[in-house]
């Protein structure tokens, strides 16, 4: 076969694949999802102590029976709470643009999971508890907006910069999608570095499918420069993992070096300070993508596959 014919065949496959993808997206765009974004944060900001019973009736799931009314009234009158809610109101005077993102996510979820029901969407504040920015259940989606005021906001001055850089508006839908991904993802064990890489790779691949309208930077929470660094260094990163025999290692320090949020990844080399954190997640993402490309399996099926099967069938080769 001549090189010219080979190139034409490859281009033909790419064109057919792109055409099929566009047909799927067109079908997804026609799915109707009916929901409103309930602004509990606004309602609470405007409430007086006399409004407490109405709020409790409208949002019973937000009020613990073990907390007395006097505490809720103190919060309504608290100047720090007032400041927090005022700042949220400045950044989120309306929710129109973000609602479009939610609609896109819900349409994709409904397409790939016929049992999916659009949840009740409620925005609130949680005293900048950045470990719990979003909460997802079968019927509820809670988004704490005080965790998305912008990376340089004064409320985040004592939060590490590598965490604060993703506390901004365009990361909301990525955080929400990740919360859903965790609900759908099953893995019997997470003992080795490879287990962790594949687990987080699944979460990121879920975003590929459910958020095709978002950039890779937004999906993984990297800056453009960080993503370019990861892409440019795929091959040496992979070589390092192989040469150091890290993939099947159960060393408990490895997740903190390559998986967990951090200012940089820890190879214990001079390049560490140049690297973004979570490079194990990034490589796991590329492995799951390779598996998806080679098997063409449904995304929800991939989320339930065990790491070794994904790794073996992916035949992952890093970018040179």
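The values are calculated or read from the model by the stated rules, or taken from the named source; none is laboratory data. On a predicted model such as this, the values are computed, not experimentally measured, just so you know. Quick reminder, even Gly has a Cβ in these numbers, built from the backbone with ideal geometry, and neighbours come from all protein chains shown.
For (1) over 22 Å from residue 184 (Cα atoms); (2) surrounded by 13 or more Cβ atoms within 10 Å (Cβ to Cβ); (3) in the same structural domain as residue 261 (by TED's automatic domain parsing), each residue gets a yes or a no:
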residue: 276; (1), (2), (3): yes, yes, yes
residue: 280; (1), (2), (3): no, yes, yes
residue: 291; (1), (2), (3): no, yes, yes
residue: 294; (1), (2), (3): no, no, yes
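Looking for something under 30 Å from residue 29 (Cβ atoms), over 11 Å from the mean Cα position of the chain (by Cα) and touching a residue at least 60 places away in the same chain (Cβ under 8 Å) - is there at least one such residue anywhere in the stretch 163-182? Scanning the stretch 163-182 turns up at least one residue that is under 30 Å from residue 29 (Cβ atoms), over 11 Å from the mean Cα position of the chain (by Cα) and touching a residue at least 60 places away in the same chain (Cβ under 8 Å). Where residues in the stretch 125-163 are more than 18 Å from residue 178 (Cβ to Cβ) and in contact with a strand residue (DSSP E or B) (Cβ under 7 Å, 6 or more places away or on another chain), which of them is surrounded by the fewest Cβ atoms within 10 Å (Cβ to Cβ)? Taking the candidates together, the pick is 139. Out of all the residues in the stretch 99-115, is one or more modelled with pLDDT of 95 or more, more than 29 Å from residue 302 (Cβ to Cβ), touching a helix residue (DSSP H, G or I) at 6+ places or on another chain (Cβ under 8 Å) and not assigned by TED's automatic domain parsing to the domain that holds residue 223? No: zero hits. Here the condition is being more than 23 Å from residue 161 (Cβ to Cβ) and in a helix (DSSP H, G or I); of 291, 282, it holds for 291 alone. For beta carbons closer than 8 Å, sequence separation of 6+ or different chains, a first residue in the stretch 92-119 that is closer than 15 Å to residue 208 by Cβ and a second that is part of a loop (DSSP other than H, G, I, E, B), the qualifying pairs are 104/211; 104/213; 105/211; 108/211; 108/212; 109/116; 111/31; 112/298.
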